[in-house]
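Only one structure is covered here, and it is reproduced in the block below.
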Amino acid sequence: MPRFLSARPDTRLITLPWETPLAEWPEELLVALPRGISRHVVRFVRVGSDVYAAKEVLEHLAKHEYRLLRDLTRLDTPSVEAVGVVTTRLDPEGEPLDPILITKHLQFSLPYRSLFSRGVRQDTVNRLVDAMVVLLARLHLIGFLWGDVSLSNTLFRRDAGSFAAYLVDAETGELHDQLTNGQREHDLEIARVNLFGEFCDLEAGGLLDDALDPLTLVETIENRYRELWAELTEVEEFDGSQMHRIESRVRRLNALGFDVAELDITTDFAGSTIRIQPKVVDAGHHSRRLLRLTGLDTEENQARRLLNDLDYYRARTDQQGADESIVAHQWLTDRFEPVVTSVPGEMRKKLEPAQLYHEVLEHRWFMSEKAGREVSIEDASTSYMSTVLQDLPDEQISMSLDSMGPLQNPYDPSQGYVDDEAERPYDPWEDDEPVAEDPAPASIYLDIGALRAKAAKP
């Protein structure tokens, strides 16, 4: 009987034919899913409604990877979820078989070769490169030395208009408290070699667009990584008259695709020099944090901007060591509410409060950049209301139905407007999806008015 090492065991796995080499498992147990190139035997197995990936590997490697994947999950890092390791496997003749590492299949994910199998546009390749760079930076931030950076060890999943990359192979990885520059450079050198080989392989197979050069792609990945790492980790120093540079740093990080959870801001004893270092987090953090601190319920981007201003206020008032909730209350009283309440009554329907404050901050940043000095929030607010806000239409009537085009459902405006995009981009996840039929005539929609009229009749 094999032994199972698992923190969350699935008893349905016990009935699988562990006495059979993985390469010989019966087809009725397997699921035909695209998989990347691997030096080990890998199979996808369906157990009830769940799909698992099984990899046959040496015992010390299987246990090492299992523990690393569990650590990565605990650290909320994009990676596949480790389920368990099956050891002491014996075939019917009593000969030992290699252990099997079991991970949960990452739904809606694809290996890179599947994305290139029918050719992809250059902008898609650029998004894949960006996803790879972000994954590598996130791993290095938590102290993870990958040791085998490659596209083959990565899965890609759609993330709105871009891709999200997930680590799928960690058998060569090491988790440290913090990586040295030498360790990061070692990972980058491995990435250069592996990625160049993979892109050349795609090129030789006719799967890489002629406009894409393997060497240029590898250099792009390295340059993007260095740019992102510098923005994420480098300490920036400036004097108190250049406070607008805090917001400039955040803007650069946002442009690179990272949200800023908070800024580690310190000042010297005299208060003349300011040092900032950003910290990054997952989506949704900002709105939750702002709601907890101030009671303001906003959209994520609005919350991010307001929290950045809160951190700026903390540094400006030299309260780095004060309780966060106390500083947040002061910010709400001294900064947010005065701006919102200063809006003339006839303009208060133009924008909701969080958006208004956000735009005042935008206006203030532009004014500071133009002036080359810090502009006060009061001056920015006055300027914004006199030069921008008064010319805006009221928010609730700012969108004309005629200018937006026909509704998807004329009896339910919440479904939005007809998308008149001329050409749908190629999407490998929807490759075999049937083409949608023409929109149904209005007569099949739920006519609320007609139903109410019918119900009113005696």
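Values as computed for the structure displayed
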| read-out | value |
| --- | --- |
| Exclusive hit being open to solvent by less than 40 Å² (accessible area, probe 1.4 Å) and small (Gly, Ala, Ser), set GLY143, GLY205, GLY182 | GLY143 |
| Residues of segment 228-244 classified as at pLDDT below 70 and closer than 17 Å to ARG304 by Cα, total | 0 |
| Among the residues listed as ASP420, ASP402, the single one being under 33 Å from the mean Cα position of the chain (by Cα), at pLDDT below 50 and more than 26 Å from ASP309 (Cβ to Cβ) | ASP420 |
| Per-region count, segment 19-39, residues closer than 19 Å to VAL85 by Cβ and of a type in the set (Val, Ile, Thr) | 1 |
| Positions within segment 345-356 being under 34 Å from the mean Cα position of the chain (by Cα), more than 13 Å from VAL388 (Cα to Cα) and not in a loop (DSSP other than H, G, I, E, B), in sequence order | PRO353, ALA354, GLN355 |
| From the options ASP412, ASP431, residue that is surrounded by fewer than 17 Cβ atoms within 10 Å (Cβ to Cβ), under 30 Å from TYR112 (Cβ atoms) and modelled with pLDDT under 85 | ASP431 |
| Condition check for ARG158: open to solvent by 40 Å² or more (accessible area, probe 1.4 Å), farther than 16 Å from LEU72 by Cα and under 20 Å from the mean Cα position of the chain (by Cα) | yes |
| Qualifying positions in segment 69-78 - in contact (Cβ under 8 Å) with a residue 60 or more places away in the chain, open to solvent by 10 Å² or more (accessible area, probe 1.4 Å) and assigned to a helix (DSSP H, G or I) | ARG70, ASP71 |
| Unique residue being crowded, with 18+ Cβ neighbours inside 10 Å and closer than 27 Å to LEU253 by Cβ when the list is ALA137, ALA62 | ALA137 |
| Meets criteria (free of Cβ contacts under 8 Å to residues at least 60 places away in the same chain, open to solvent by 70 Å² or more (accessible area, probe 1.4 Å) and part of a helix (DSSP H, G or I)) for LEU188 | no |
| Qualifying residue in segment 307-323 (condition: small (Gly, Ala, Ser), farther than 17 Å from SER248 by Cβ and modelled with pLDDT of 85 or more) | no |
| Among (1) within 20 Å of ARG245 (Cβ to Cβ); (2) part of a helix (DSSP H, G or I); (3) open to solvent by 50 Å² or more (accessible area, probe 1.4 Å), the one test that ALA380 misses | (3) |
| Pick from segment 18-42, criterion in a loop (DSSP other than H, G, I, E, B) and within 14 Å of ILE102 (Cα to Cα), ranking: least open to solvent (accessible area, probe 1.4 Å) | TRP18 |
| Strands (runs of 3 or more DSSP E) wholly inside segment 79-123 that include at least 1 residues being modelled with pLDDT under 90 and touching a strand residue (DSSP E or B) at 6+ places or on another chain (Cβ under 6 Å) | 109-111 |
| Boolean, GLU247 is at pLDDT 90 or above, farther than 23 Å from LEU72 by Cα, within 23 Å of the chain's Cα centre (by Cα) and open to solvent by less than 70 Å² (accessible area, probe 1.4 Å) | no |
| Selection count where residues are touching a residue at least 60 places away in the same chain (Cβ under 8 Å) and hydroxyl-bearing (Ser, Thr, Tyr), scope segment 163-185 | 1 |
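The values are calculated or read from the model by the stated rules, or taken from the named source; none is laboratory data. Note that this is a predicted model, so its numbers are computed, not measured. Because the Cβ atoms are built from the backbone with ideal geometry, glycine has one as well, and the counts that use them run over all protein chains shown. When the accessible area is computed, the model is the full protein with side chains, heavy atoms only, and any ligands, DNA or RNA have been set aside. Shrake-Rupley method; radii C 1.70, N 1.55, O 1.52, S 1.80 Å.
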